[in-house]
Amino acid sequence: MQIGVVGKPNVGKSTLFKALTLAEVDIANYPFVTIKPNSGVGFVQVECAEVHFNVKCNPRVGFCKNGKRFVPIELIDVAGLVPGAHEGKGMGNQFLDDLNQADALIHVIDGSGGTNEEGKPVDKGTYDPANDIKFLEKELDFWYLRILKKGWDKFSHEVQHSHIKIQVALSKQLSGLGVKGTQVDEAVKKLGLDPENVTAWTPEELYNLAAELRKLTKPMVIAFNKIDVPGAIENLERLQKEFPDYAIVGCSAEAELALKEADKHELIEYIPGEGDFTITNDEKLSDGQKKALGFLKENVLVKFGSTGAQKVIDAAVFDILKLMPIFPGGINKLADQDGNILPDCFLLKEGSTALDFAYKIHSDLGDNFIRAIDAKSKRTIGKEHVLQPGDVLEIIADK
């Protein structure tokens, strides 16, 4: 799974990416600091199954703090996008194409209204961040349209005069964007397009199709950054009403990065997503650092409950992509062959079954599935049993 971090230059996009991944990236106050896409690993937070069994887990990947399991997710940070990106402005085409395989997007905007449409700093409150949401929608829609229209005349005639269904043909044509046949079918039906008369689809209908496929294949959460700047709260409340179809999450990327760095250097103990931290090495902190940490606690954590950064990535995975955590483990054995307790946590689509989980672990377990055992309730369940977030399952299969 891959999540793309996108937005204009100078809105805190790379700061949020670094805060989520602690990857070494360039951060500066001018456009196009990010030239080549940065990739890193962020973490979503779930309740660890260890709390139900009174044990301490040993994650194979990710980590666990105080019963909170952090599951790794790949993030990619592309160059800042500006109006006209789909036409190649600001290196737009190159970096739009870097997002081909992204399953979802985190769109970072400057909630303070202090960055104009070109990504240049302006006085706080003089630019409407709602414009950023509209601009990025347009750029992504035209990006999809560009790929869709490439060789469209020849493609549509071939489909028209063959026995290939448009769902199959288009999913193959747009496979680089992760488009599936079921999504094509859903979009075609929603827009009322005639699948038997593809050559008659108008330019407007093609644009609408591109926009609908973009929504289905690149769902988006809005990271409303700089929430701690005066005036940002009012902007957030207004945008949440104006764009009810989006998850818009207030955050302070700078605050999250500062706390993560302090935790990394063992100056404080900080669990991402929480509303407080504990100073662990008072002697190593300078007066300036103490003052800065006090400012963050009072003006971000106390005021907003958290920096919001963890909520952003959690929203992308759980609210937008509709995934849920499932743990492998048996009634009498929660450890793997190396003695690691609850070493794995898988993310599956909501509505997944016990059989889906078996296949997620290994194809042989799916092919030879007999039954599963719910380690929490100790009940035997069948292959069609629909799983719930946080389930712990043992798969029984033929050897």
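We did not get these values from a lab; they are worked out from the coordinates using the rules stated. Just so it is clear, the model here is predicted, and its values are computed rather than measured. Because the Cβ atoms are built from the backbone with ideal geometry, glycine has one as well, and the counts that use them run over all protein chains shown.
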Exercise for review: Using only the Cα atoms of the chain, build the gyration tensor, take square roots of its eigenvalues as a ≥ b ≥ c, and label the shape rounded, prolate or oblate: rounded if a/c is under 1.5, else prolate if a/b is larger than b/c, else oblate.
Suggested key: oblate
Revision key, fill the gap. Which of 13/218; 13/149; 134/189 exceed 20 Å between C-alpha atoms? The answer is 13/149; 134/189
Exercise for review: Count the net charge of all other residues whose Cβ sits under 9 Å from the Cβ of residue 166, scoring Lys and Arg as +1 and Asp and Glu as -1.
Suggested key: -1
Check your understanding: Fewest to most neighbouring Cβ within 10 Å: what's the order for 313, 326, 227?
Key -> 227, 326, 313
**Study point:** Whole-Hz ³J(HN,Hα) from phi, Karplus 6.51 cos²θ - 1.76 cosθ + 1.60, for the stretch 309-324, glycine and proline x
**Key:** 5, 5, 4, 5, 5, 5, 5, 4, 7, 8, 8, 8, 7, 6, 9, 9
Study note, to complete from the structure: As straight-line cross-link partners of residue 18, the qualifying aspartates and glutamates (C-alpha separation under 12 Å, not fewer than 8 residues apart within one chain) are 26, 77, 254, 256, 261
Point to revise | Prolate/oblate/rounded call for the stretch 205-287, Cα gyration tensor, a/c under 1.5 rounded | key: prolate
Exercise for review: Select from the stretch 199-287 those GluC sites (Glu not before Pro) which occupy a DSSP coil region and have at most 11 other Cβ atoms within 10 Å, ordered by residue number.
Suggested key: 266
Study note, to complete from the structure: Computed over the chain, the relative contact order (Cα-Cα under 8 Å, seq sep at least six) in percent reads 16
**Study point:** Per-pair calculated FRET efficiency, R0 = 41 Å: residue 128 and residue 370 via Cβ, rounded to 0.05
**Key:** 0.10
